[in-house]
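See structure below.
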Amino acid sequence: MRPLILFLALFLSALCFSQAVPAKIENIPYLVTFGKEGSVTWGDDDFSQSFFFVIPKTYKNPIYIRVFDPGVGGEIDERKGSFNSKTKFSIYGGKGAVTNKLARSTKPEGSKKTGSLLATKTFGNELDGQWYTFGPFNPTSGELAPKYGGNVFKVIADGISGDDGNLYKYFLSTSPTSNVEVEGGNAFTFEYTFRMNDDPKEVSHVYPYIDDRVISVKQGNFDWDNDGDLKIVTNSRLAIHLKKSGEGTWMRSEHNVLDKEKESTFDVQFHKNKSNPSKNNNITFYITNQYDESLPFYTIPIGGVPKPKSNIILTPKTK
């Protein structure tokens, strides 16, 4: 089937340098998860975040999932009063880890803890600026999901207590003590909660893949604080401007997909307000198709960053 063949070809083109989360090409400083007693006005709508790691079916050696600065109490974390928070990291594999629709949900209600629990650990204020390693895991302990490129492991970070913001990173590795990429590995999520750069000259990116079934996309952004501009760049359009949220609120908008934009990646760009940028701005973001199915954001864009061709189309800016 031609669309599947094309998807796999594009997938293979994105396999290099894809195991750091966030990836360098995204220009996102850190993932962020707040303690469950925190305020949603700080940018985290549900105090939980899921990420998925893909290991090719042909890869047979043990893998490790490493977390940078898993504790809440260090220099990079967001303190509210005194540090009092704990974060639980849990690794899931097996049937349903990603194929169960709850695992892909962007709604706060409902458990995303599908599949088989392989490992878990709760962190207080330890390991400031250090790595913690989960594993080793046999690649076959993940869920075999050909749609996503191989065996899939899920990592869920839950803010189980307190009100501080835990800022952290992941790496999929072949080593328990250093970051060594798994050949052919990848990573993705369906809902991104992350810290923006403070520097207004820096632009952050997320990269949803648009398959051949998508005729329109619905974006949702939470707690943007009106901090600049949100837009999508495609292979045909230079700027699809998105409706933007204020403090502690969601804003959603729907946008048509052109035929020439199918089976390609969108570049969702986050541009800060250059005249009065906010500090420590955290945002939650997702995209669904016309069936309200969540689309995956790959840490490295499948097929590369889209470069608009001739006959650029501009869409009106929305508030």
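The values are calculated or read from the model by the stated rules, or taken from the named source; none is laboratory data. None of these values were measured; they are calculated from a predicted model. All Cβ positions, even for glycine, are placed from backbone atoms using ideal geometry, and neighbour counts span all protein chains on display.
Residue-by-condition table, conditions (1) in a strand (DSSP E or B); (2) over 20 Å from Phe270 (Cα atoms); (3) touching a Pro at 6+ places or on another chain (Cβ under 7 Å):
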position	(1), (2), (3)
Lys147	no, yes, no
Phe153	yes, yes, no
Ala157	yes, yes, no
Thr193	yes, no, no
Pro200	no, no, yes
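Scan region 179-191 for residues that are closer than 25 Å to Phe47 by Cα, among the acidic types (Asp, Glu) and either modelled with pLDDT under 95 or outside any strand (DSSP E or B) (or both) and the total you get is 0. Screening Leu127 on (1) in a strand (DSSP E or B); (2) in the same structural domain as Ala97 (by TED's automatic domain parsing) shows it passes everything except condition (1).
Quick grid of which residues meet (1) out of contact with any helix residue (DSSP H, G or I) (no Cβ under 7 Å at 6 or more places or on another chain); (2) over 30 Å from Glu37 (Cα atoms); (3) not acidic (Asp, Glu); (4) not assigned by TED's automatic domain parsing to the domain that holds Ile28:
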{"residue": "Trp131", "(1), (2), (3), (4)": "yes, no, yes, no"}
{"residue": "Pro139", "(1), (2), (3), (4)": "yes, yes, yes, no"}
{"residue": "Lys147", "(1), (2), (3), (4)": "yes, yes, yes, no"}
{"residue": "Val152", "(1), (2), (3), (4)": "yes, yes, yes, no"}
{"residue": "Tyr168", "(1), (2), (3), (4)": "yes, no, yes, no"}
{"residue": "Asn186", "(1), (2), (3), (4)": "yes, yes, yes, yes"}
{"residue": "Arg195", "(1), (2), (3), (4)": "yes, no, yes, yes"}
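Could we say that Ser253 is surrounded by fewer than 17 Cβ atoms within 10 Å (Cβ to Cβ) and assigned by TED's automatic domain parsing to the domain that holds Ile215 here? The answer is yes for Ser253. Pairs linking a residue in region 298-313 that is not assigned by TED's automatic domain parsing to the domain that holds Val54 to a residue that is of a type in the set (Phe, Trp, Tyr) and modelled with pLDDT under 80, with Cβ atoms under 6 Å and 6 or more positions apart or on different chains, are Ile302/Phe11.
Being part of a loop (DSSP other than H, G, I, E, B), touching a Phe, Trp or Tyr at 6+ places or on another chain (Cβ under 8 Å) and within 28 Å of Asp77 (Cα to Cα) is not true of Asn166. Selection of first residues in region 112-123 that are on the phi > 0 side of the Ramachandran plot and of second residues that are surrounded by 21 or more Cβ atoms within 10 Å (Cβ to Cβ), restricted to Cβ pairs under 7 Å at least 6 apart or on distinct chains, gives the following pairs, ordered by first then second residue: Gly115/Tyr92; Gly115/Gly93; Gly115/Ala97; Gly115/Glu143; Gly115/Lys154.
Assessment of region 204-212 against the conditions (buried (at least 21 other Cβ atoms within 10 Å of the Cβ) and assigned to a loop (DSSP other than H, G, I, E, B)) yields at least one matching residue. Looking at this structure, is Glu143 over 20 Å from the mean Cα position of the chain (by Cα), over 19 Å from Phe47 (Cα atoms) and assigned by TED's automatic domain parsing to the domain that holds Lys101? Taking the combined requirement at face value, the residue does not satisfy it. For region 125-140, the set of residues classified as under 21 Å from the mean Cα position of the chain (by Cα) and crowded, with 20+ Cβ neighbours inside 10 Å consists of Phe134 only. When restricted to residues that are buried (at least 20 other Cβ atoms within 10 Å of the Cβ) and of a type in the set (Ser, Thr, Tyr), region 107-124 contains 1.
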